[in-house]
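Note sheet for the following structure.
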Amino acid sequence: MTIAHGTRTAVGNTVARAITDAAAERLGWSATASYVELCAPLFADVVAACELPADGPVVAVPLLLSVGVHVRQDLPGAVRDAGRDDVVLGGALGPDPLLAAAQADRLRGAGARPGQPVVLVAAGSSDPDALADLDAAAGHLAHAWGAPVRVATLTGLGPRVEQVVRRGTRCRRTCWRPDTSTAGSPRWHRRRAQWWWRT
């Protein structure tokens, strides 16, 4: 099964299900998409009710891009509360060079030119180790993009976008990275990003 954060924006939940279906098809496994909150089915409910497959333990993969409270506490807590010893819980998907390569592709597709500086914007987390993950993600993206990458967060720890991108700076919102390990509405994050990126 996979575990996405969950959002009130339906398209975000649809993307999580599509990723899950694609992974299941490639691996030849059955798979279920679940969510931390804001969308059903909740991971806590699925892990409590799922049956052990005949060929081994249940594998649960968070569709979260960095470490944070959900990865460290909430998901292991749900497994523990369900009394399961047959669930293998994976770690966050990132930081990873493959994610950075995908981000670089998105930048090029949005019209950014290689060599332009980039601000990597995350929703943010209260977990200090999440900042280390964001710095590592920025390093991967800088390598893939070939230009400096700075980090900003919308909530939690870390510098805010307004501290990284000054008002009056002529720039364009071509790519930003929602950190799905934290709560909140992606739509709200998009509105915040658009507000700070205006020229």
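Overview of results
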| read-out | value |
| --- | --- |
| Strands (runs of 3 or more DSSP E) enclosed by the range 1-88 - at least 1 residues per element that are β-branched (Val, Ile, Thr) and on the phi < 0 side of the Ramachandran plot | 2-4, 58-62 |
| For residue 114: the one exception among (1) part of a loop (DSSP other than H, G, I, E, B); (2) in contact with a strand residue (DSSP E or B) (Cβ under 8 Å, 6 or more places away or on another chain); (3) of a type outside the set (Val, Ile, Thr); (4) free of Cβ contacts under 8 Å to residues at least 60 places away in the same chain | (2) |
| Only one of 193, 142, 130 that is modelled with pLDDT of 55 or more and either open to solvent by 60 Å² or more (accessible area, probe 1.4 Å) or under 16 Å from residue 106 (Cβ atoms) (or both) | 142 |
| Meets criteria (closer than 15 Å to residue 65 by Cβ, out of contact with any Gly (no Cβ under 8 Å at 6 or more places or on another chain) and open to solvent by 30 Å² or more (accessible area, probe 1.4 Å)) for residue 98 | yes |
| Residue among 182, 155, 199, 174 that is in contact with a Ser or Thr (Cβ under 7 Å, 6 or more places away or on another chain) and modelled with pLDDT under 50 | 182 |
| Failed condition for residue 3, given (1) exposed (fewer than 15 other Cβ atoms within 10 Å of the Cβ); (2) modelled with pLDDT of 95 or more | (1) |
| Considering residues of the range 101-111 that are in contact (Cβ under 8 Å) with a residue 60 or more places away in the chain and assigned to a helix (DSSP H, G or I) only, the residue most open to solvent (accessible area, probe 1.4 Å) | 106 |
| Some residue of the range 33-45 being open to solvent by 30 Å² or more (accessible area, probe 1.4 Å), in contact with a strand residue (DSSP E or B) (Cβ under 8 Å, 6 or more places away or on another chain) and hydroxyl-bearing (Ser, Thr, Tyr) | no |
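The values are calculated or read from the model by the stated rules, or taken from the named source; none is laboratory data. Please read these numbers as outputs of a predicted model, since none were measured by experiment. Positions of Cβ are generated from backbone atoms using ideal geometry, with glycine treated the same way; all protein chains shown enter the neighbour counts. All accessible areas refer to the heavy atoms of the entire protein, side chains included, with ligands and DNA or RNA removed. Shrake-Rupley method; radii C 1.70, N 1.55, O 1.52, S 1.80 Å.
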